[in-house]
Structures are given as C-alpha cells and as structure tokens.
Amino acid sequence: MKRHALTDEQWELIEPLIPVSTAKTGRPAKDPRLMLDGIFWVLATGAPWRDLPERFGPFQSVHRYFSAWRKAGVFSKIIEALQVKLDNRGLIDWEMWCIDGASVRATRAAAGADKKVSSDIRASPPTTRWAAAEAGLDRSSMLCLTAAALPWRSTSRPVKSTKARKPNP
C-alpha cells in the first residue's frame, strides 16, 4: 500500500458517500478511489497539483474531481460520517479545541516587517483592558479583544463626478 492511500476499511466507510457517475456518453469515469487517493496525496504533501505522481493519472482529472466533489459537499459528508463514527465510540471531546500553530501562516508583519496599509486607514482599534480582564486574560495576553467594530470600507473606486471640468487657465 502506498503512503497516502486509503486502507480497505477506510474506503468501505466512505465509498457510499462518493457520487457515482451516471454519464452514458463520453469517456469512462476514473476510479473514484484512485482519484481520492490522489487528492489526499496533494493535501497531505502540500505539493502543487502539477507534481502529482503519474500513478494517479493526469493531475487535471484529479483536480476536476476535487473541485466537483468540494462543490457537491462530498468532503463535508465524509468528515461528518467520520465524526459520527468517532463520537459513537466516545473518542471525540467536544469541549476541547486545538489549533496546530505549525500550519498557521503568519504575516510578514508578525516578523517585524511593515504592513502594506494605506496611511489614511487606522492600523488597529484600541485593545480594551476591561474585556481582557473579564475574559480572565493577562494584560500582556497575545489575544487582543476590541471594543469597537472596524468601520466598513468600500473596496470599490469612488464614483467620478459627472460635472464638466473647468479648463485650466
């Protein structure tokens, strides 16, 4: 068995959730298990689609299946089925939330570089000390709670005036 391939037990669990091709014309559908293995290979390795090994077939086909299944909600159904199975076994603690900091990308500004922000936009709203105290956080906590919501700023360009301009003297 290859490194990122599904086991037979895993495939049996999610196979009913994978849509079956009903096309009567055109090329025959690819093996859905092979396509799913290719998708998992790309997601697990972080490699670009173009670097997908040839054993999965053309990367365009695997990507097309990924896009179609994502749009159809297949991956959400798979996650839900896995959560139900684990919850029935008592293996999910719904009170605990973890974030893996190794996969959270930091901005350049986090490393001390200047932010690319227009000078007319306020950098950040003030941190409210009382909200941090209410939440039981230390004053120097990394978590910044804000009292005021950021103002909504339109990203569209301002409308040009329709008045005729005066000629320059």
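The values are calculated or read from the model by the stated rules, or taken from the named source; none is laboratory data. Keep in mind the model is a prediction, meaning the values are calculated, not measured. Reconstructed Cβ throughout: ideal geometry from the backbone, glycine too, with neighbour counts over all protein chains shown. All accessible areas refer to the heavy atoms of the entire protein, side chains included, with ligands and DNA or RNA removed. Shrake-Rupley method; radii C 1.70, N 1.55, O 1.52, S 1.80 Å.
Taking segment 2-25 as the region of interest, how many residues are over 22 Å from the mean Cα position of the chain (by Cα), open to solvent by 40 Å² or more (accessible area, probe 1.4 Å) and either of a type outside the set (A, V, I, L, M) or at positive phi (or both)?
14
Looking only at segment 23-57, count every residue that is outside any helix (DSSP H, G or I) and closer than 15 Å to Trp69 by Cβ and tell me the total.
Going through segment 23-57 one residue at a time, the tally reaches 3.
Filtering segment 26-69 down to residues that are among the basic types (Lys, Arg) and closer than 17 Å to Arg3 by Cα, which residue is most open to solvent (accessible area, probe 1.4 Å)?
Here the answer is Arg55.
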